[in-house]
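Worksheet: one structure, shown below.
Every number in this text was worked out from the coordinates using simple rules, so none of it is lab data. From a predicted model like this one, the values you see are computed outputs, not experimental measurements. A quick note on method: Cβ atoms are made from the backbone with ideal geometry, for glycine too, and the neighbour counts reach across all protein chains shown.
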Amino acid sequence: MLTCTGRAIVANPQPVYGLGDLEAAVVAQVRFACPEPVFDLFWPYFPSQYVSSTLLRNGQTFTLQVERSQLYPSSITASAACSGAYVQADPTLYNVSVVVGWGFGSASEITTLEAAFGTVSPAS
C-alpha cells in the first residue's frame with residue numbers, strides 16, 4: 001500500500017460547476033507482463049488517470065492511500081491486450097504523482113497543482 005500525506009493551498013478553491021469540489025488525487029501505474037504476445041502493459045493505460053482521490057480542504061492536511069488491488073486492468077482490457085492472460089511484472093509503482101484540482105475521473109478534469117514522484121519501489 002502507498003500512503004501519501006500532504007497539504008495544498010489553491011487560490012479561489014471554489015467548486016467548479018459540473019466538476020465538483022477541490023480534490024487531491026494519486027496518479028500511478030503498475031507494470032504487467034503479457035506472455036503472448038510478449039510485451040509490457042502499464043495500467044492504468046493513460047498515466048494521467050487517478051487511482052485514489054479525496055476531497056481537499058484548502059490548507060488542511062489530506063491523506064491518500066493506494067492499494068495494489070486498485071491497479072489491476074479490467075478483464076476486457078487484459079483479454080484484448082494480452083490474449084486473455086497477464087501477470088504482475090513487479091511490485092514497483094511507476095509515474096507516481098499527487099495532483100490537486102477538480103473533476104478527477106471526468107472527461108474534463110482540471111489539474112492546478114502536481115507533484116511528480118516518479119518511480120516508487122516497496123521498502124525491503
Q: Note down the net charge around residue 16, summing +1 for each Lys or Arg and -1 for each Asp or Glu among other residues with Cβ under 11 Å from its Cβ.
A: -3
**Q.** Neighbourhood net charge (15 Å Cβ-Cβ; Lys/Arg +1, Asp/Glu -1) for residue 111
**A.** -4
